[in-house]
Structure formats: C-alpha cells, structure tokens
Amino acid sequence: MQKNMLGLFVLIYFAMFCTCNGNENYEESLKLDMIDPELVYGFFNFTTTWNYEHWFAPRHYKLFPRSLGQLIQKYNIAELHFTMTQGLWRYKRWGFPDASSPTGAQLWVWFHKNTEDVDKNWVGFTNALSGLFCASLNFINKAVTVTPKISFRPVGVVEGGETDNTFLRYGTLSRENLCTENLTPWMKLLPCGSKAGPGALLNPSQLHHSKFLSIGLHFLHDCSEGGSCERRHVKLEQHISVVYDLRTLNLMPNFSLLSLFKKRVKPACPLSSRSVLMVRVIEGATISPALTESVGGFSVLNLHRLKSDSNVQVKGLKTPGVTTKLNHGVTNHCYLTGIGLEGGFVCSIVNHNNREIPIIFFQVVPWFLHTQVHTLKVVSRQNDIISPAWISYTPGKIRESPNIMELIVRLPSDSITELSFHFTKGFMTWIEHPPDANHGFYISPAVITTKTNDLNISKELHGSVQHIYSEAILVNIPVPDFSMPYNVICLVCTVLAISFGSFHNLATRRFHKLSPNEVSPVKKKFLSLIERFKSRKKKNVDESLASTAEKSS
Amino acid sequence: MGKQRIKNYVNASLSDVIPIFNCDYARADNDKVSLYKDQESLSDPPSGLNFISNPAGFDSNNSKFKLEISPLTLFEKSLKDVCQTTNTISDEFTEAEQVQCRDVYTLPSTSYVEPDILYLLISVQNKHSAVEMLLYISLAVLLRAWLFAAPEFVSWLSSLPEVSTPLSSWHRVVEGISVLKQGGSIHEGDSYHGSTLLLIFMSRLQEYSPLLLYLMFATCDIVTSLALLRFAEKFIRNELIDIYKPDNDISSQSKSIKLNESGMKDIPLLISLLYLFNPFTIATCVSKCTLIFSNMFLALFLNASLSGSVFSTTLFLALATYESLYPIVLLFAAALCYYKYQKTSWTIYTCMLLTTLCFLMWLSLLFVIAYLHDESPESIVSHYSFILRVPDQTPNVGVFWYFFTEVFDHFQSFFLCVFQLNVIVFSIPMSIKLRSHPVCLSFILIGIVAALKSYPSLGDAGLWLSILPLWSHTFKYLRMAIVTSIMLITTAIVCPVMWNLWIGARSANANFFFASSLAYTTAQVLILTDVLLAYLKWHYHLREGVCPKLETSNEKAMIRLLN
C-alpha cells in the first residue's frame, strides 16, 4: 500500500513537472568576448519564461523564484529592472554592453495600472527588495525617487497598449557598492544556483577582481512567439556583466576559464532548455579545446553535451601596440565646474556617427543642489546653440524630491555637444549627512537614451533601446561642525534669552526714583562681603605684626 | 514740496510784536530783537523768537523788521492774535504769503491748531531745497548705475549669504520666471520662494525691457528714501507739537533736553541720505534682492501712518505683510498711529477694529489677485510656509540656519515654534508699553523683525539703521553706544571674510561664520534695546525734569528701572 502511494506521488510529481515544463522555460548562456587583447568581457545571461493563462498570480513555483514572484504579486508589479554595478563601463573604449547599467544601484519599476497607491507600493517594494538582496535599497526614498517622462519606457508588452508614466518609479543609489552579500542572494534565484552550467563559474571572490562587475535582474511581460500578442508570458532575465583586465591579473599571453574564475565550467543545468558557452577571441589567438560550432563569430560550446567539468583556454594573445577599438556611437562624459557654493554641471556628448542622432538626455540632480534651469545651455563645439526639441524640468523640493531634467536633443553628425547648467549648493542638517560626510555626495549618472537602430548596434538584452550612463559625479557640500550641536544650541539660545530678557525688562518695568543712599540689596551684600574680607585681611596683618613684634622683643 | 517753500517772513513793526509776546517793549538790534518786560531783560526769549535773525531784512529807519513766524509761537500766543497781527501788517505781502495767512486766519480761534496748517509753517524752515535733494538722488542713482555696470562685482555680491537669502535672491526670481515660461508651477518646487504677485510683476517687466528692471530697483530705493524723508519731517513736526503743547505734562526742569527745531531740522535729510548711501542698502539694491520691495512698503507704511489715513496705512502694511509676512506685527502699531494722528475722534477700540478690518480687506484683495493669476491655493500660502517652516538651512546673518542645522531632530518643531514666536511675541508687550509712542513702537518692531526673522539679510538692518537718527535727541541716554556700534560694524565686515574662509578657501569651518553672524544679531538686539531704553529714559526725564528730586527730601534722585 505504502509503495503504491509512493508510486502515486512520484507519478503526480512527474506529471506536475511535465506540465510545468510545458509552461516554463529556462535558458542559460555565457558569452566571452575580447574587447581588446587585454580585456575580456563576460556576459552571463539566465532567462526564465513562464506562460500563464490570464494573470500572473501563481501559487506553485517551479523554475521561477518564489521569493521574487511573491514580491511581484504583492506589490502589483508589471515590470521590474534592477541593476547593481561596481565600476564604470567605458563606452568610448569598450563599445556598448549587452545590458548597460550605471554605477551603483538602479531600480525602475512599472506598476500595474490598477495599483491604488503607487508610492506606497514603491516604498514597500524597495524595502522588500533591499531585504532580498541585502542592499541598502531602502535608501531610495522620496528624495531620490523620480518618474521619468520618456527616458524609461516599458520594455515588454503593456496591458491596454498605452503607457501611463504615473505608474513608473525610478531611483538610483550611486554610492551603493556591489558586494558578495548581494551576489549570493542573486545567485540563489537561479534554478540551479551556482551548481551547474555557466552559473558554476560565478565565483564571488574572483568576480570582484574585475574592472567592471554588474548584476541585473529584469522582470517583464512579453509576447509569446507568433505575431499577434494573444498569449503572453512573463520573463525573468538575470545577467552578470564582468570585464577582466588580463594584464592586472597577470594572465597575458594565455588565459582560461579556470584562471579567470578559478572554477571549471560544469555541464548544463538539467532544468535548462538551452545552455551554451560562446567564446570569441581576437585575431591570432586560439581556443583550446577547439570548438567546432560557430554562431555569428562566436565559437559555441553546448553545455548539455558536456559530460564532466572542463576548462576552455585561450592562447597566444599578443600585446597590442595601440588600442584601436573605438566606439562609433554616442558617448557622454560629465564633470563639475565652479568653486565655492556656485557650481556648474557640464556633459560633453560626442556623436561619432556621420548623421544626426536624436537622444533623450535625462539627469536627476539631488535636492541639495539648487539647479538653475535658466542657465541650461546646449552648445555644439562649433559654438552653435542647439535648442532642445523638448524640455521637461521639474524643480526639486527641499528634502522631498530631486530636480529632474529631461530633454530631447538632436546631436549633429560628428559633433561634440556640451550641455551645461549651473547650480548652487544647498545645506543639510547634521543628521542628514551620511557617515564620512566629507566624502561628498554622488549625483546620479546622466542617462542618454537612444535607439539601437540609430547607433547600428545589436545587444542581447532589451534590444530596441540603448541607455548610455555617464559617471556618477562626486560633489562636496559644505558641512556643519558635527561636534558641537550642544554649543550651538546653547549659544543661540543665550542670544535669544538676552533679547527676550532685555525687551521683557523694558516692557514690564518702570523708572523709579531712588535715594542715592538706597543701594540695591545685591550690591549691599557684595559691599558687605568686601568689607568683611578687608577687615579680616587687616586683622591677619595686625596679628602677624603683633606676633613678629613679640618675637623680636 | 513747492507749497512748503513759501518764505515765512512777514514784515512787522516793533509795535506789532509787543502785543503778541505780551512784553512791555521791544528793541531791535542789528541782528536780533530783544524783548523786555517790566524793565527786565527776559532771560529766555519766547521760543518763537529764537529764530529771529535777519540782518539783511532789518530796516531800523522805518522801524520794521522781518518776523519769522515759528509754529511754536502759535502755542505760546493765541493763534488768533498772531493772525490778526499778521493780517494788519499784510499790506506788502506777496500773494502766496497772503494765501497762507488767510489760511491761518480762517482757523477757529481756539488754541488747538490743525496739524496740516502747522505743517505748512514748520516745513518752511526746512532749508533743503528740492535742487539739493535732486542732486543727492541723482548721485545715488549714478552710484547704483556704476555698480550695476560691474557684473563681476554684482555676481560676487549676490553670492554673499548676508546679502541674498533663498527668499529674496534674484537668481530665484529669474529661475521662477523661467519655470513659469515653461508652464511649470513655481509652488511645487524649490525654484522660487517669494510671493506670486512679485514674480508675475517681474516677469512682465522683464518681457517689456530688461533695462527697466535696473531702473525699477534704483527707483525703489529712491521712493523709500523720499518716504523716509517725509516720514521724518512729519514725525519731528508732530513731536514738536506734542512737546510744545501748552497743556502737556512736561516738566519745566527739562528744557535742555526738549526737542528743538534747529537741532532736528537736518534729521530728515540725514535719514534719507543714510538710506540712499548705506552700504547695506546699496548691496541689496545692486544684487537685485527682492527685499527692497518689503523695505519700500515699510517706509511707505511709516510715512502713511503719520498722515492719519487708515486706508493708505493698511494698504502698505498689507503689501509688506504679503511680501514677507513678519510686518504683520506692526498691525497694533498701525492702529495706535491711526488713533494718535487721526483727524476724526474715534476711540482706540474703534481705531483698532477699523485698522484690522482695512488691513484684512487689503490683504485678502492681494490674495485674491494672486489666486486669479495662478489658480492654486499654493499661490497664497507657499511662500509663507517657506518663511515659517524654515526648510532651507542656507547660511545667513540670522539665528535660524545653524541652530536648525545642528538641533536634534525630535526638538526641531518645538524650537521652530519658539524661534518664530520669539519674533512676533514682542509686538504685544511693546504695543502696550509704547502705546502713546506708536512711531517708536513701529521702529522697534521693524528692528526686532530684522534681527530675528527666519531669513534676515543686511538689507533688513539697513532700513532701521537708517531711521536711527530720528532718536538722536535721546542718544545722550545710550549706555553702550560705542560697544554696540563697533560690534555691528566689525561683524558686518568679518562676516564676508569668514564666509570666504569657510566656503572659498576651505580653511575655516562653519563655526567661524556662525560666530560672526551670531555676534551681528546680538549687536542688533543690543542697539535696539539700548535705543528703546534711551527713548524711555528721555521721556521720563522730560516729565520729571533733567535732575529729578526725591519727593521726600530735596535730594537728587537716582533713576532705576524697577518693577
């Protein structure tokens, strides 16, 4: 009987597994590319898709991570994009990444249109997500949160077809570091974790030896295959971008997966429908063992066919004379000017294409930098003033919301365009300063949004739009003296007391005539004290004189 | 001013003078007239004759001389007498003088004199011609134009926290205009914190011509200085009337500290020049701080409050209140002024009610206009909430910024209430104490607000410091004039230095600037209390005599401020 029951369970289990597998699909891949002979760029991509009937409200989870799915349900999220990045992607030298991300943490969420209180959901979600990823995302408060008008459109399909950006929330934390403690929960969301497939290469201690490391998590609704969007599925994309500098790792002529990650690649995750390792090397270098399959310039290793842990080596890299790979798209470099309280913010945007490119420029300036939009200037290097095709500026509010600037600019062909505005530094109370206040504050990176068609590039994730992030700029704000709140309180209150006392005196008292002989009681006491002191001193002197006189006699 | 420039010399013979001043005979010397009674030379000639000195017009042959009619004469003698006298001898008068004399003559023959007629007579003695004033004004305008033409200096000046505050800085106005142009709302964000109407006015003006803006700011200063000039003239006249009224309670022993016309005649001009050439005012004007408008409305309020017109007084008070909220503490002072200088004879309660109602009417009218321009309730309250909640801790010369930077979070709202109350609470006890001196009350309250308000700047102090000479007759009772004035000047100089050390050179920290701004506030408070004490003491001595004696013995008494 018991055996029969067990058999039944096994049967049910397999039946469920099959149905689930029919709805769910998991793919994993690692793309290794050489930016130049010294830089290896690795892009891990883990995609889970899940067909659903009406509404994404699952009760049983199989491949899709439950911890995330529950948050998505609870906070009514339609689309979620979360990245954490250490380092800066150098667009000019490295080209465009498959998934671009700004330094620090970035989170943007589209809520479903039936959400009642978007702000409440947003606060709840950022707090929950900070718990999930052990990151300080709860610092994305209302002073950081913005609603971009056109820069961040939904990537997937939108219910009802029309977007309403009141359901969008966007926040960045440029000071947030990407640590192992963020990486571990991120890896736990993978169906096979770091046990199999490309995921096995994710060795936190080695990942942090990179020049650039970014983890990302994207959740969106997408159309299933086949023209009309009748059937939809949800898609969870997790990716890691990592750039290694071979020279600093001392791996120059030859490197391997083992030397980069200190791990061997394992056979595919059995739950995955596709698991590949793609390698592309620069001319002159060879891959060993030689990979026979080739797709779009990449040598492909199907990890499903792999029987045991193995290593892939790249040999014969030549030290380059000059780095030649230059971006042929759009790059952006921002910096600060000005001294004292007056500051200026300048972004020099370069268009390397020989045709005009429209871009959306998006900049969030924290509230403590009082932006002066009347000083906004867009000038091309040839000193032609470019008038933006569209401007949206939302002034910030002290402690409540940042200044938001969003504009559409048409970059002339082969040009350098300087976008600049002035700001005045504001002041914060002593408790609003973070620890190590003299470190300064980060202005979150400027975001340039372009169409990938305009740039003639292709990317693996969210192919139609390319975000180009600039540096997170460090700005110093005058700090108060943190050591003396008590002194300040005492001193100011003393001055107020002096003013209050004097006016109170004058308002309540009258002039009276006094006889000059009549002295005030305080003065009388003081005088009598002096008298007593004098007489005692005199007495002492007299006594000593008397004693000396006695002695001498 | 043309009317006031009529010469007030009338020809009179010695025989005309004798009945006026009730003396036995009069003798004309070369440059003065001596009056004699009972063969004795009068030790003090009647005050009206103090000014007789006109050797050029003196003609001893036909025993006629020019008699200067001083208003004080009118109190010493019955008005009727004077007019009759002058009328009998008015054959040779010019037409204007005749008009003047007829005006005087038509008065009822009581000893009460209409202030306006008196004013005509008093201001005659103001020797400063319109040409002179015009010269000063054009000098002031030229100075401002010269400074406006140095943009680097202007931008340095406007970057100083003592000069422009978040509430009044010109940058914010420009920013507000550009936000308005983009169709945004100025109340949602942090771009502009002043009043809605001012911004709309400025944006219209800028559309019309940017040059007009510079002219506007210079004109505001000139209007303010002229208003102060008129205010001081009227006030001194009124004080003189009060003091020389026959039925007042002034001691006969206090002649030496009484106001006299010759001593006070330069004060109005001094006040107006002090305002025009005050570095504090110039800095405010040149950096185009919108504070200049509040100052102008306050000066116009002071001027109107002495005219006894409740409508104009409350209009300017409402404008000032609309601009910067704190002038609301002057409401009592306005009512008391109206009571004191009214032409009708309302009781004090009626005056208060009337003033309050008028004030509320004007203020609500301003609110309605603001609301019509920008249909949101924020257009009315947004700048008040900025003034009251003090969210911006940008340094200035006040007490708020560093305190609220450093104070512990959970005491924030408590201290906010305490600090704001501290600014306005003095209006009630001071109004009771100084109920018969409403102008002094206005002055003290303007000073307190300037020192203790949430976003003060040098321009605030500039206004009340310019009016300071109005109390020059009480300055002999100041206790620490040297200390406080040096303190004020030193801190005003040290503040920008400390600021530059902290923000520019980064070799000092916030405490340096804080200390100097705190000392600056202290100096202001000390000067104000000292002036008030001196004024009260002067008044006491006026009533009790210069050297008051004890009632019991004939000993010289000490004067102490006691409960």
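Rg to Rh ratio, the stretch B:188-329, alpha-carbon atoms and Kirkwood radius? Could you put the intermediate results ahead of the total?
Working: Rg = 18.9 Å, Rh = 17.3 Å.
Result: Rg/Rh = 1.09.
Round to the nearest 10 and give me the degree value, 0 to 90, for the angle of helix A:485-508's Cα axis relative to the longest principal axis of chain A.
Rounded to the nearest ten degrees, it is 40.
Anything over 20 Å Cα to Cα? Flag those among A:31/A:211; B:234/B:343; B:234/B:537; A:74/A:235; A:149/A:397; A:523/B:537, in the order listed.
B:234/B:537; A:523/B:537
Amide H neighbours of residue A:403 under 5 Å, counting only residues 5+ apart in sequence or on other chains, H built in-plane at 1.01 Å?
Answer set, sorted by chain and number: A:365, A:367, A:396.
Mind pulling the angle between the C-alpha long axis of helix A:2-23 and the longest principal axis of chain A? Nearest 10 degrees, somewhere in 0 to 90.
Approximately 90 degrees, to the nearest ten.
Return the carbon/sulfur percentage of the accessible area of the stretch B:357-451, one whole number, probe 1.4 Å, all protein chains in place. Walk me through the intermediate numbers first.
Details: 2710 of 3660 Å².
Roughly 74 percent of what the probe reaches on the stretch B:357-451 is carbon or sulfur.
Using 24 Å as the Cα-Cα cut-off, could you pick out the over-long pairs in B:340/B:476; A:318/A:459; A:451/B:181; A:142/A:425; A:120/A:188? Intermediate values should be presented prior to the final figure.
Values: B:340/B:476 27 Å; A:318/A:459 27 Å; A:451/B:181 30 Å; A:142/A:425 20 Å; A:120/A:188 28 Å.
Flagged as over cut-off: B:340/B:476; A:318/A:459; A:451/B:181; A:120/A:188.
Please compute the Cα-Cα pair-distance distribution of the stretch A:183-247 with 5 Å bins starting at 0, giving whole percents from short to long.
Taking all Cα pairs of the stretch A:183-247, the binned fractions are 4, 14, 21, 19, 13, 11, 9, 5, 3, 1, 0 percent.
Which of the trypsin sites (Lys or Arg not before Pro) found in the stretch B:439-533 are in a DSSP loop and have at most 15 neighbouring Cβ atoms, other than their own, within 10 Å?
Numbers: sites: B:453, B:476, B:479, B:506; in loops: B:453, B:479, B:506.
Qualifying residues, ordered by number: B:479, B:506.
Please report Rg over Rh for chain A, where both radii come from the alpha carbon positions and Rh follows the Kirkwood definition. All intermediate terms of the calculation are to be shown ahead of the outcome.
Details: Rg = 34.4 Å, Rh = 28.1 Å.
Ratio of gyration radius to Kirkwood radius for chain A: 1.22.
With a cut-off of at most 11 other beta carbons within 10 Å, and DSSP calling the residue loop, which GluC sites (Glu not before Pro) in the stretch A:32-141 qualify? Please list them.
Details: sites: A:38, A:53, A:79, A:116; in loops: A:38, A:53, A:116.
When the GluC sites (Glu not before Pro) of the stretch A:32-141 are filtered for loop state and at most 11 Cβ neighbours within 10 Å, A:53, A:116 remain.
Which residues of the stretch A:390-436 end up with at least 40 Å² less accessible area in the presence of all protein chains than when their chain stands alone, using a 1.4 Å probe?
A:395, A:397, A:398, A:427, A:429, A:430, A:431
Around residue A:276, which amide H atoms from residues at least 5 apart in sequence, or from another chain, sit under 5 Å from its own amide H, with H modelled in the peptide plane?
A:28, A:29, A:30, A:303
Compare each residue of the stretch B:389-423 in its chain alone against the assembly with all protein chains, and report those whose accessible area goes down by 40 Å² or more; 1.4 Å probe, heavy atoms.
B:391, B:393, B:403, B:405, B:406, B:408, B:422
Could you work out what % of the accessible surface of the stretch A:360-463 is carbon and sulfur, using a 1.4 angstrom probe and leaving DNA, RNA and ligands out of the count? Walk me through the numbers before you get to the answer.
Details: 1980 of 4070 Å².
Roughly 49 percent of what the probe reaches on the stretch A:360-463 is carbon or sulfur.
Per residue and in cubic angstrom, what volume does the convex hull of the Cα atoms of the stretch A:100-201 have? If you can, show how the numbers build up before the last one.
On the way: hull volume 13.6 nm³, N = 102.
Normalising the Cα hull of the stretch A:100-201 by residue number yields 133 Å³.
Of all GluC sites (Glu not before Pro) in the stretch A:217-314, which ones are in loop regions per DSSP and have a Cβ with at most 14 other Cβ atoms within 10 Å? The partial results should precede the final answer.
Values: sites: A:225, A:230, A:237, A:283, A:293; in loops: A:225, A:230, A:283.
Those satisfying the criteria are A:225, A:230, A:283.
Ignoring trypsin sites (Lys or Arg not before Pro) that are buried or in helix or strand per DSSP, and keeping those with at most 11 other beta carbon atoms within 10 Å, what is the longest stretch of chain A between them? Could the numbers behind the result be given before it?
Working: sites that count: A:59, A:307, A:355.
Counting at most 11 other Cβ atoms within 10 Å as exposed, the longest clean stretch of chain A is A:60-306.
Applying the Karplus parametrisation 6.51 cos²θ - 1.76 cosθ + 1.60 with θ = phi - 60° to the phi angles of the stretch A:182-190, what ³J(HN,Hα) value in whole Hz is obtained for each residue in order, glycine and proline being reported as x?
Along the stretch A:182-190, the couplings run 7, 5, 4, x, 5, 5, 5, 6, 6 Hz.
How large is ³J(HN,Hα), in whole Hz, for each residue of the stretch A:166-177 in order, when computed from phi with the Karplus curve 6.51 cos²θ - 1.76 cosθ + 1.60 and θ = phi - 60°, using x for Gly and Pro?
5, 9, 9, 10, 9, x, 10, 10, 6, 8, 6, 8
Could you sort out which of A:266/A:315; A:62/A:262; A:195/A:307 sit more than 25 Å apart by Cα distance in this structure?
Working: A:266/A:315 21 Å; A:62/A:262 30 Å; A:195/A:307 15 Å.
Exceeds cut-off: A:62/A:262.
Please report Rg (one decimal) and Dmax (integer) in Å for the Cα set of the stretch B:148-207.
Values for the stretch B:148-207 (Cα only, Rg and Dmax): 12.2, 35 Å.
Roughly how many Å² is the accessible area per residue of the stretch A:150-271, as a whole number, for a 1.4 Å probe?
Normalised by residue count, the accessible surface of the stretch A:150-271 is 39 Å².
Would you pull out the residues with amide H under 5 Å of residue A:442's amide H, same chain only if 5 or more places away, H placed 1.01 Å from N?
A:475
What total accessible surface area, summed over both chains, is buried at the interface between chains B and A, computed with a 1.4 Å probe and given in Å² to the nearest 100?
Details: alone 26710 and 29280 Å², together 50120 Å².
Result for this pair: about 5900 Å² buried.
Measure off, as a whole percent, the carbon and sulfur share of the 1.4 Å-probe accessible area of the stretch A:96-186, all protein chains present. It would help to have the intermediate numbers written out before the result.
Details: 1710 of 3480 Å².
With neighbouring chains kept in place, the figure for the stretch A:96-186 is 49 percent.
Spelling out what I want: for every residue of the stretch A:79-87, take phi, set θ = phi - 60°, compute 6.51 cos²θ - 1.76 cosθ + 1.60 (Karplus), and round to whole Hz; glycine and proline get x.
After applying 6.51 cos²θ - 1.76 cosθ + 1.60, I find 8, 9, 9, 9, 9, 10, 9, 10, x Hz.
Could you give the spread of the C-alpha atoms of the stretch A:331-413 along their three principal axes, from largest to smallest, in whole angstroms?
43, 26, 20
Hey, what's the Kirkwood Rh for the stretch B:258-366 if you take every pair of different alpha carbons, in angstrom?
Values: mean 1/r = 0.0661 Å⁻¹.
Computed over the stretch B:258-366, the radius equals 15.1 Å.
Quick check: Cα centre of the stretch B:442-475 to Cα centre of the stretch B:215-275, how many Å?
A separation of 16 Å, based on Cα centres.
Considering the alpha-carbon set of the stretch B:379-424 alone, what are its Rg and its Dmax in angstrom?
In order Rg, Dmax, the Cα atoms of the stretch B:379-424 give 10.8, 32 Å.
The values are calculated or read from the model by the stated rules, or taken from the named source; none is laboratory data. Please read these numbers as outputs of a predicted model, since none were measured by experiment. Every residue, glycine as well, gets a Cβ built from its backbone with ideal geometry; the counts of neighbours run over all protein chains shown. Protein only, heavy atoms only, side chains kept; ligands, DNA and RNA dropped before computing areas. Shrake-Rupley method; radii C 1.70, N 1.55, O 1.52, S 1.80 Å.
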